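The values are calculated or read from the model by the stated rules, or taken from the named source; none is laboratory data. Every value quoted in this text rests on a predicted model; they were computed, and no experiment measured them. Glycine gets a Cβ as well: all are built from the backbone with ideal geometry, and neighbour counts include every protein chain shown.
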Amino acid sequence: MFVLKIMVSAILIAIVTTIAKRNTLLAGFIAAFPITSMISIAWMAYTKQSTDDIAKFLTSVLWGIIPAVVMLAATVIGLKKGLPLLASVGIGFGVWLAFTYVFHKIHI
């Protein structure tokens, strides 16, 4: 089952990166679609986890969106300011880490 999960995830990533070569807007929309969340829900349902557990998971996903949006914004700003890709991604990751830490500390 674990290998199947990895294969499905890898196929989805390959599809998005292939589409991005032709249409970055479409690839962005597909990547922004909560594919990971949907796959996780499917696996949780398949393994007979309760709807309460799934609801708790989805609530956590909703709170996780805020740090992710801030990370993406910081990365884009870094790139537009002329920073190298690796530096921009590093700054974005640092911002994400800080927001995630704060959210964890206040128990959201």
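Can you pull out every residue in the range 37-69 that is of a type in the set (S, T, N, Q), over 17 Å from the mean Cα position of the chain (by Cα) and surrounded by 12 or more Cβ atoms within 10 Å (Cβ to Cβ)?
Our first condition is that a residue be of a type in the set (S, T, N, Q); within the range 37-69, this holds for 37, 40, 47, 49-51, 59-60.
Narrowing the set further to residues that are over 17 Å from the mean Cα position of the chain (by Cα) leaves 47, 49-51.
The one that is of a type in the set (S, T, N, Q), over 17 Å from the mean Cα position of the chain (by Cα) and surrounded by 12 or more Cβ atoms within 10 Å (Cβ to Cβ): Gln49.
Any residue at all in the range 60-70 that's at pLDDT below 95, under 25 Å from Leu4 (Cα atoms) and in contact with a helix residue (DSSP H, G or I) (Cβ under 8 Å, 6 or more places away or on another chain)?
Within the range 60-70, one or more residues are at pLDDT below 95, under 25 Å from Leu4 (Cα atoms) and in contact with a helix residue (DSSP H, G or I) (Cβ under 8 Å, 6 or more places away or on another chain).
Consider Phe99 carefully, then state whether it is out of contact with any strand residue (DSSP E or B) (no Cβ under 7 Å at 6 or more places or on another chain), closer than 29 Å to Val3 by Cβ, among the aromatic types (Phe, Trp, Tyr) and assigned to a helix (DSSP H, G or I). Give the steps one after another, and end with the answer.
Numbers: out of contact with any strand residue (DSSP E or B) (no Cβ under 7 Å at 6 or more places or on another chain): yes; closer than 29 Å to Val3 by Cβ: no; among the aromatic types (Phe, Trp, Tyr): yes; assigned to a helix (DSSP H, G or I): yes.
The answer is no for Phe99.
Considering only residues that are part of a helix (DSSP H, G or I), basic (Lys, Arg) and over 25 Å from Leu97 (Cα atoms), which ones fall in the range 10-65?
Filtering the range 10-65 for residues part of a helix (DSSP H, G or I) gives 10-22, 24-32, 35-46, 51-65.
Okay, now just the ones that are also basic (Lys, Arg), so 21-22, 56.
Result: Lys21, Arg22.
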